[in-house]
Amino acid sequence: MSERIAALVGGTGGLGKAVARRLADEGFKLAATYLIPEEGTTFEKEVGLTEDDLLLKRVDATDSEAIGAFMKEASERWGHLNVACAFVGAWAGGRDTEDTDDVRFDHMIDVNLRSAFYTVRAAIPHLREAEWGRIITIGSRAAYEAPSGQVAYNIAKAGVITLAKTVANELRSTNVTANAVVPAVIDTPATRESLRWADYMEWPKPEDIAEVVAFVADESSSVMSGAAIPVYGKA
């Protein structure tokens with residue numbers, strides 16, 4: 001199996017694009033989802049893959065059937081799937097537990113945790129059929145430090161890490177690994193906008209974290225599974 005195929009759910013965000021470029025440099029063919037049309041157009045231009053090497057689909061990552069169809073199409077297009085990355089996420093804070101309403105809670109769970117669960121669940125059958133497979137989720141240091149004022153986000157990201165660990169145990173006897181990459185914060189335009197008061201000079205760049213993701217996505221990382229890998233930089 002000479003071709004390496006990666007599916008990136010939420011591939012058009014700041015981290016997703018950096019990972020896509022890095023994997024493309026390594027010779028991966030990519031399937032990626034987007035939600036906002038402008039992000040899909042930008043992704044296609046920046047990654048620079050040909051139509052033969054790129055599948056770009058508008059998909060709602062909180063729709064289980066849409067995610068399942070996307071994974072199936074990616075696998076069938078190139079005959080197999082090696083890597084599945086769950087990159088969809090969002091942050092919303094400003095409320096302690098007693099003041100967190102259902103709408104805010106549901107949004108954080110849907111965008112961060114439900115999207116990751118649907119991505120991983122849909123990818124597993126295709127990854128098991130390949131010679132080797134990698135599952136990568138994106139957690140957060142907030143899952144461990146649990147800062148006040150963002151309870152829903154903290155819970156969602158803790159779930160994303162636990163998802164990777166659970167799947168790693170479930171697939172222990174297979175050729176598929178599952179790991180979580182755990183940033184503190186990532187220097188993207190969206191993060192700067194959300195945290196306008198913060199000093200972003202020491203935040204790790206998406207390209208820095210993409211290097212770690214690229215290693216975890218490689219065949220050579222087969223001894224690593226069930227890990228939560230901190231990528232805090234100096235943040």
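The values are calculated or read from the model by the stated rules, or taken from the named source; none is laboratory data. Just so it is clear, the structure is predicted and the values come from calculations on it, not from any experiment. Backbone-built Cβ (ideal geometry, glycine too); neighbour counts: all protein chains shown.
Things to note:
- Of all residues in the stretch 66-81 being part of a helix (DSSP H, G or I) and touching a residue at least 60 places away in the same chain (Cβ under 8 Å), the one that is farthest from the chain's Cα centre (by Cα): W78
- If you go through the stretch 156-176 and pick out every residue that is of a type in the set (V, I, T), more than 19 Å from N82 (Cα to Cα) and in contact with a helix residue (DSSP H, G or I) (Cβ under 7 Å, 6 or more places away or on another chain), you end up with 2.
Residue-by-condition table, conditions (1) out of contact with any Gly (no Cβ under 7 Å at 6 or more places or on another chain); (2) among the hydroxyl-bearing types (S, T, Y); (3) modelled with pLDDT under 95:
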residue: L195; (1), (2), (3): yes, no, yes
residue: A198; (1), (2), (3): yes, no, yes
residue: P204; (1), (2), (3): no, no, yes
residue: V212; (1), (2), (3): yes, no, no
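- Residues that are on the phi < 0 side of the Ramachandran plot and out of contact with any Lys or Arg (no Cβ under 8 Å at 6 or more places or on another chain) were ranked within the stretch 69-79; the one that is surrounded by the fewest Cβ atoms within 10 Å (Cβ to Cβ) is E76.
- Tally, over the stretch 1-31, of residues that are closer than 18 Å to I67 by Cβ, small (G, A, S) and either out of contact with any strand residue (DSSP E or B) (no Cβ under 9 Å at 6 or more places or on another chain) or part of a loop (DSSP other than H, G, I, E, B) (or both): 3
- Contact map, the stretch 219-235: first residue surrounded by 15 or more Cβ atoms within 10 Å (Cβ to Cβ), second residue among the charged types (D, E, K, R) and modelled with pLDDT under 95, Cβ cut-off under 6 Å, separation 6 or more or different chains; pairs are A235/E202.
- Subset of the stretch 106-118 [polar (S, T, N, Q) and in contact with a Ser or Thr (Cβ under 8 Å, 6 or more places away or on another chain)]: S115
- Some residue of the stretch 49-62 being more than 18 Å from the chain's Cα centre (by Cα), outside any strand (DSSP E or B), buried (at least 16 other Cβ atoms within 10 Å of the Cβ) and not aromatic (F, W, Y): yes
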